[in-house]
1. Cβ contacts < 9 Å: first residue outside any helix (DSSP H, G or I), restricted to region 1-15; second residue at pLDDT 90 or above and surrounded by 15 or more Cβ atoms within 10 Å (Cβ to Cβ), any location; separation 6+ or different chain. Result?
2. LEU25: more than 30 Å from ALA127 (Cα to Cα) and at pLDDT below 90, yes or no?
3. So in region 36-94, with the set limited to residues that are among the basic types (Lys, Arg) and in a helix (DSSP H, G or I), which one is modelled with the lowest pLDDT?
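The values are calculated or read from the model by the stated rules, or taken from the named source; none is laboratory data. Fair warning: this is a prediction, and the values are worked out from it, not measured in the lab. Note: ideal-geometry Cβ built from the backbone for every residue, glycine included; neighbour counts use all protein chains shown.
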Amino acid sequence: MAYRIVGGLAIILGVGVVALAFSHLLLGEDLFSVMTGPGFTVKLPVTPEEFLFRSRLWAGVIGACGLLTTIGGVGMTLRRTWGVYLTAGAAVAAALVPSLVFVLASGRLEFQGETELLIAGVIGLVAALAFMFRPKYGIDA
């Protein structure tokens, strides 16, 4: 029963992460205009095109991690052991996003890095709970 509850939490978390990524994808241009407008003290060392590339890259990878978490949550609610592994893989992928952005976009902006690690930590916590409450007997009992 606890394994299914953790699966439900994974579904809710995954849908939330997908919604966050989708909104970031849609509002990337507005975010750039806000961050370069009056009253914002950080000067962005990038062009609007590079900022939108990084924004879309972030949204794509984090959205994929949210989708994997949702699918893993469905697997957990169906009492399948692959749900744990899928959710753990999503946490690892979300933790690698800052490195991926650094390699592909040649540098890190001042606001990048913290959100990805927070998302990876929460998904990892759900994966750890799912591993703790996984079915002990049978392969997919």
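1. none
2. Details: more than 30 Å from ALA127 (Cα to Cα): no; at pLDDT below 90: yes.
Answer is no for this residue.
3. Within region 36-94, the subset among the basic types (Lys, Arg) is 43, 54, 56, 79-80.
Filter once more, so that each one left must be in a helix (DSSP H, G or I): 54, 56.
Values: ARG54: 76, ARG56: 82.
Checked region 36-94; the qualifying residue modelled with the lowest pLDDT is ARG54.
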